[in-house]
Each structure stands twice: as structure tokens, then as C-alpha cells.
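The values are calculated or read from the model by the stated rules, or taken from the named source; none is laboratory data. No experiment lies behind these values; they were computed from the predicted model shown. Here the Cβ is made from the backbone with ideal geometry for all residues, glycine too, and neighbour counts use every protein chain on show.
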Amino acid sequence: MHEELTVWFEENQRPLPWRAAYTPYEIWISEIMLQQTQVETVVPYFERWIKAFPNVHALAAADEQAVLKLWAGLGYYSRARNLMAAAKVLAESHRSALPADYEALRALPGIGQYTAGAILSIAFNQPYPVVDGNVRRVLSRINGWEDESPRRLWEAAEKLVHGGVPRMINQAVMELGATVCSFKAPRCLVCPVQRVCVAFKTGKQQEIPPVKKRPATVRVQLFAVVQERNGRFLMKQSRGLWEFPMGGELPEGKLTHAGSCRHTITHHRLEVQVFQGTLASKKGYQWQEFEAVPVSSLTRKILAVAQVG
Ligand code: SF4
């Protein structure tokens, strides 16, 4: 199976920017960006990021606002904050280089078992396993596993990476999951491991892996978009990002309903109600140029609702 996977990856891999040189810094940044985010979305963000912060040294010295502005729209902002914090640790204790050591990597903010394995195998070509959603699906289907057992999956990934070139094997399984062995419509007829795949042989691709159902909670959130004559907005900074006045109840002022939208954050849905007008008190807020500060995609969405409404 190693041979089939490696040959398939060499011939079919997508030409992604972090695959040009496999530097530890670029692999680290790409892996963090790819958590919870699609490859197509990540590519332009990655390219802008590398231009602005080409190495650990540049990131460690970067201004938080500049970093968050480049991250704006990718969501899960703790990832950007952890990157900054980790870069500072690397600059202080590791001569601004990613260590090729599992424990040292795990000690850095934002680096868990998966990311440490990805950096060590893809950048340093060391035999460390990776299990993400794609790997979980491919390995479960190949082995015909219908239940969830993280331990068994990590053991299978460990065995697999020891049998080939780590950089190639781990990327091959991830790429296979992303491009061939998809969740809804696996393309088994062009799959390099079809010969050994239990799910294919038994026709159980749709049942494996089992779907995790999480109840979505819905929360109503009210936002007030208040604009000055010269175009600036009333905003406040929260954990680096700028946002409109908000709450579970309408703040005092002269506000009219402008529209609504929905937004999903991790496992809960937001029912967003947008209002426009003026507030009785501007305490705690500042007038800001919208395009000059880092904002989340939710804040951008709210502005669009206000402008249409
Ligand atoms: Fe996935 Fe089909 Fe390949 Fe099995 S044969 S790994 S189900 S694409």
C-alpha cells in the first residue's frame, strides 16, 4: 500500500505553496491555517502571510494588529494569537527556528498532537503519525472500522508512517481524503488503495466513518451599527479585533431594525439582528475607519446587512 500511495501522491498532489520548499516555518503556518479551514481559502491568506512575515523572527517582532488584520476572515482567532505567542517563545529560546523535537513542539502554544506530527513528518521527514478528519475517514474505510476509536486510528497511522517516507505517506493519506475519498462521494474507481479497502469491498463507504451529530444551539445577538457623518463607525476592541456594539438586549439609543443574518461559530448558531441609528452613551467605544482595523467575518457580514437594509 505504501508504494501505491507514494506513487499516487507524486503524480496527483495539488501544487500548494507550502509544498514548494517544505520549510518548517511554512509547514507550521499552513497547518495552523488549515485547521477548520478549506485549502482554497487558505492559499491566498498563506501567500499574504509569508510575504508579510517570512520567518519566525519577523512574526515574533510583528505588531498584533497587523497580524490580526492579515488573519481577518479566517476565523478562530486564537490560532493567530497562538502563532504570535509561539513565535516569541521560538525567538527567545530556539534561535527563531522550529525544533525537530516532539516534546519541544508540543510545549509551544497552539501545537497539539496532530500539528506536532504534521510538522515533524512533513517538514522534517520524521516518522510521526497524523490523524485529522481526512486521515480518519481514509483509514476507517480502508480497515472497515464502523466505530470511533481514536486510539486505534492513531496506532494505524503510526504503523503506516513507519513503513514509508514519512513526508510522502502522511501527505498522501491526507490528500487522498481531501481529493478522492471524500465524505459524500468517494471516487473509488480511481483510488490507489481500492485493492485493499474493506469499505469498497463491502460497499460500506457511506456508513464509514459514522457521522457525529452535535446539537446546534441557537443564540440571538443584537448589534448596533452607528456611523458618523464622515463614515467612521462606533466600535470597540475585543481580543485584538474590532466589533460593533452588541448584546443580548438592545442598548439605549435611537435604533431602527436594519436586517438580520445567520452565523455559525464552532458548534452554535447565531441569529444576528442588526440595528442602525445612534446610542445614548458612547462610553467604551471609539470611532474607527472600518477598513483600517482587523475585523472578523461576522463583523463584515453585519456591516453588509446594515448597508443593504
Ligand atoms: Fe476511499 Fe473508496 Fe479508496 Fe476505499 S476505495 S479508500 S472508500 S476512495
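Values for this structure:
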read-out: Yes/no for Gly247 being in contact with a Leu (Cβ under 8 Å, 6 or more places away or on another chain), under 23 Å from Lys301 (Cβ atoms) and not assigned by TED's automatic domain parsing to the domain that holds Val173; value: yes
read-out: Extreme residue, nearest to Gln13 (Cα to Cα), among residues of region 203-219 that are more than 12 Å from the ligand (Cβ to nearest atom) and of a type in the set (Lys, Arg); value: Lys212
read-out: Positions within region 90-101 being at pLDDT 95 or above and either crowded, with 16+ Cβ neighbours inside 10 Å or on the phi > 0 side of the Ramachandran plot (or both), in sequence order; value: Leu90, Ala91, Leu98, Pro99
read-out: Among (1) more than 10 Å from the ligand (Cβ to nearest atom); (2) without any contact (Cβ under 8 Å) to a residue 40 or more places away in the chain, the one test that Ala185 misses; value: (1)
read-out: Search result, residues across region 1-36 that are β-branched (Val, Ile, Thr), farther than 23 Å from Met84 by Cβ and surrounded by 14 or more Cβ atoms within 10 Å (Cβ to Cβ); value: Thr6
read-out: Some residue of region 195-202 being more than 12 Å from the ligand (Cβ to nearest atom) and touching a residue at least 60 places away in the same chain (Cβ under 8 Å); value: no
read-out: Test: residue in region 78-88 that is within 14 Å of the chain's Cα centre (by Cα) and over 23 Å from Gly240 (Cα atoms); value: no
read-out: Given (1) surrounded by 20 or more Cβ atoms within 10 Å (Cβ to Cβ); (2) within 16 Å of the ligand (Cβ to nearest atom); (3) without any contact (Cβ under 8 Å) to a residue 60 or more places away in the chain, number of the condition Leu160 does not satisfy; value: (3)
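Here is a yes/no grid of residues against (1) of a type outside the set (S, T, N, Q); (2) over 24 Å from the mean Cα position of the chain (by Cα); (3) loosely packed, with under 11 Cβ neighbours inside 10 Å:
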{"residue": "Pro210", "(1), (2), (3)": "yes, no, no"}
{"residue": "Gln227", "(1), (2), (3)": "no, yes, no"}
{"residue": "Leu241", "(1), (2), (3)": "yes, no, no"}
{"residue": "Gly247", "(1), (2), (3)": "yes, yes, yes"}
{"residue": "Phe275", "(1), (2), (3)": "yes, yes, no"}
{"residue": "Leu279", "(1), (2), (3)": "yes, yes, no"}
{"residue": "Val293", "(1), (2), (3)": "yes, no, no"}
{"residue": "Ile302", "(1), (2), (3)": "yes, no, no"}
